[in-house]
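The values are calculated or read from the model by the stated rules, or taken from the named source; none is laboratory data. Since we're looking at a predicted model, the values are computed, not measured. Heads up, the Cβs are rebuilt from the backbone with ideal geometry, glycines too, and the neighbour counts pull from every protein chain shown.
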């Protein structure tokens, strides 16, 4: 190893999962350290947590993963909310709270997630952004083990992780709920990897479906397993009779759809290969059990098919339980807010779905744009929301109202829609007839879904309070609503100064050891560029296959955000049965146009400093 850079010291507001101990890099000398810069709203960050679990198990005596939580949303800066998220997502390694993004800046992160590998002597030897790095990390770790065992600088043994006490509640971070035909409720008990049937009061448990262990086994209710399930949808009776199951579950971390027979509680896999999506899929019909999904988060029956909020790739998909086929429904995988025909629209982590009473409109909680969108007549529109970086708690006209990372929606009989405004801890209401947004309830703990009962009451899945909460009588009346003119926020990260005119965008990508770029299934690389505001970019927008592109920036625009998506396909080199991998990342790069500034903008997808 040569030309290495000493890793900056780890400092922040506090530590989690260390038993109250503050860690220093000196405490970790002799270990391979992987610093994972993440934020708990980010689906790509959650994917990386899952990718790292096998590495933590395999290399537990030499590898220490440190989660550095560098928040995007205001709510994510709250220390208690971070502690809840660490438990919710099963983070079993130390986490440093970095609320002001100090470590983010010192390690030159530009995207969520970013990974920095520190060798046993305390030097940064690799940086990579996005997801899909597990295989490359394993090869790099093997090289570091060999090098530092030979040097005598590798120390094996237990790491600094100290698990917190196990809590005792009926539900643990419930995600979604649905009304069953008999009047009971079914709740996805996400952190306990199971489903809980509740009596109509929303408090009394009736039965549990799933063993409670993380897994993907089909079978009887007592032994079937899920992994952080979320959305639920009861199928129309005529569809259920043919399909052979009554309800579909979005088994989020398994990247599967599971069918449940309500009479017995038996679970069967109905869609998804179990592999996470890594390549494009057209809108044609595909064998549902062969297609790769990516973090399905919610489900709704609309347009005579099951629509899937595919949070992991910023799209909506469809599934036909009778024909057992699936395909793309809306979105391009570009993470941004753009309305238009379904195949051309842009979304950002859709996480909640609800169908209007007349069945003509599908409401969508588009969480990362803090927006409520809708599908109608083959077009995706926006009711509330302004983009990836604008959020807050502001009522009033929809064009100026602000939400903060909503995860759920619930269509009401009067054509209005309730919004689980998750990071504001509120239930909001949008009325299309008046174009107004109001606050129905606040002071809730991360509401993530809403259920309208037959008697017209509303139950809120209050996820971080581990319960279902009934809205107060009269909350939905005009007198029960309030108008909040709260804070307006914009995600603030240090902008990069760039020159007006020609600028070269370079995506830095070095294949992992033993791998090479591969074009077996088409071009090995892909680059998509756009800007907000659009007039910032005079030339260079669109999709191409080169990882370097000439941009022309408008000197009359003072700044904005360059939205960049890059991916690279690699396969093992010179191996008969080569394994292939896809690395992918979305960047939102804030820029300021300044005379005399740099004319090159490098973004690291995977770079080696060793």
Conditions (1) touching a residue at least 24 places away in the same chain (Cβ under 8 Å); (2) closer than 23 Å to residue 88 by Cβ; (3) outside any strand (DSSP E or B) -> residue 454 fails only (2)
Is it fair to say residue 297 is touching a residue at least 12 places away in the same chain (Cβ under 8 Å), touching a strand residue (DSSP E or B) at 6+ places or on another chain (Cβ under 8 Å), outside any loop (DSSP other than H, G, I, E, B) and over 15 Å from residue 229 (Cα atoms)?
-> no
Looking at (1) more than 22 Å from residue 211 (Cα to Cα); (2) touching a residue at least 24 places away in the same chain (Cβ under 8 Å), which is the one condition that is false for residue 163?
-> (1)
All strands (runs of 3 or more DSSP E) inside region 546-596 with 3 or more residues being in contact with a strand residue (DSSP E or B) (Cβ under 6 Å, 6 or more places away or on another chain) and modelled with pLDDT under 90 | 559-572, 580-593
Can you pull out the residues in region 401-424 that are assigned to a loop (DSSP other than H, G, I, E, B) and either in contact with a strand residue (DSSP E or B) (Cβ under 7 Å, 6 or more places away or on another chain) or crowded, with 23+ Cβ neighbours inside 10 Å (or both)?
-> 401, 403, 404, 405, 406, 407, 412, 416
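Residues checked against (1) touching a helix residue (DSSP H, G or I) at 6+ places or on another chain (Cβ under 8 Å); (2) outside the structural domain of residue 362 (by TED's automatic domain parsing):
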{"position": "227", "(1), (2)": "no, yes"}
{"position": "239", "(1), (2)": "no, yes"}
{"position": "242", "(1), (2)": "no, yes"}
{"position": "256", "(1), (2)": "no, yes"}
{"position": "271", "(1), (2)": "no, yes"}
{"position": "303", "(1), (2)": "no, yes"}
{"position": "308", "(1), (2)": "no, yes"}
{"position": "322", "(1), (2)": "yes, yes"}
{"position": "336", "(1), (2)": "yes, no"}
Run residue 72 past the list (1) modelled with pLDDT of 95 or more; (2) more than 18 Å from residue 9 (Cα to Cα) and report the number of the one that doesn't hold.
-> (1)
Among what's in region 462-497 and is part of a loop (DSSP other than H, G, I, E, B) and either within 29 Å of residue 129 (Cβ to Cβ) or modelled with pLDDT of 90 or more (or both), pick the residue that is farthest from the chain's Cα centre (by Cα).
-> 471
So, of the residues in region 186-206 that are in contact (Cβ under 8 Å) with a residue 60 or more places away in the chain and in a strand (DSSP E or B), which turns out to be farthest from the chain's Cα centre (by Cα)?
-> 198
The condition from (1) modelled with pLDDT of 95 or more; (2) more than 30 Å from residue 572 (Cα to Cα); (3) part of a loop (DSSP other than H, G, I, E, B) that residue 85 misses is numbered (3)
Under 25 Å from residue 389 (Cβ atoms), within 15 Å of the chain's Cα centre (by Cα) and either surrounded by fewer than 22 Cβ atoms within 10 Å (Cβ to Cβ) or not assigned by TED's automatic domain parsing to the domain that holds residue 542 (or both) - does that describe any residue in region 283-295?
-> yes
Kindly check whether there is at least one residue in region 99-107 that is under 30 Å from residue 229 (Cβ atoms) and either over 26 Å from the mean Cα position of the chain (by Cα) or modelled with pLDDT under 95 (or both).
-> no
Looking at (1) in contact (Cβ under 8 Å) with a residue 60 or more places away in the chain; (2) under 29 Å from residue 51 (Cα atoms); (3) touching a strand residue (DSSP E or B) at 6+ places or on another chain (Cβ under 6 Å), find the lone condition where residue 253 falls short.
-> (3)
Test: residue 10 is surrounded by fewer than 21 Cβ atoms within 10 Å (Cβ to Cβ), in contact with a strand residue (DSSP E or B) (Cβ under 8 Å, 6 or more places away or on another chain) and assigned to a loop (DSSP other than H, G, I, E, B) = no
When you scan region 498-542 for strands (runs of 3 or more DSSP E) that lie fully inside it, which ones turn up with 1 or more residues that are outside the structural domain of residue 125 (by TED's automatic domain parsing) and touching a residue at least 60 places away in the same chain (Cβ under 8 Å)?
-> 501-509, 515-517, 525-532
If we scan region 126-139, do we find a residue that is without any contact (Cβ under 8 Å) to a residue 40 or more places away in the chain, over 25 Å from residue 174 (Cα atoms) and in contact with a strand residue (DSSP E or B) (Cβ under 7 Å, 6 or more places away or on another chain)?
-> no
Restricting attention to region 262-274, the residues that are surrounded by fewer than 16 Cβ atoms within 10 Å (Cβ to Cβ) and over 22 Å from the mean Cα position of the chain (by Cα) number exactly 3
Which residue out of 332, 360 is more than 23 Å from residue 422 (Cα to Cα) and modelled with pLDDT under 95?
-> 332
Applying the selection to region 115-144, what residues are under 21 Å from the mean Cα position of the chain (by Cα) and modelled with pLDDT of 95 or more?
-> 115, 116
If you go through region 125-152, how many residues are farther than 30 Å from residue 74 by Cβ and out of contact with any helix residue (DSSP H, G or I) (no Cβ under 8 Å at 6 or more places or on another chain)?
-> 15
What about residue 602, is it in a strand (DSSP E or B), modelled with pLDDT of 90 or more and not assigned by TED's automatic domain parsing to the domain that holds residue 386?
-> yes
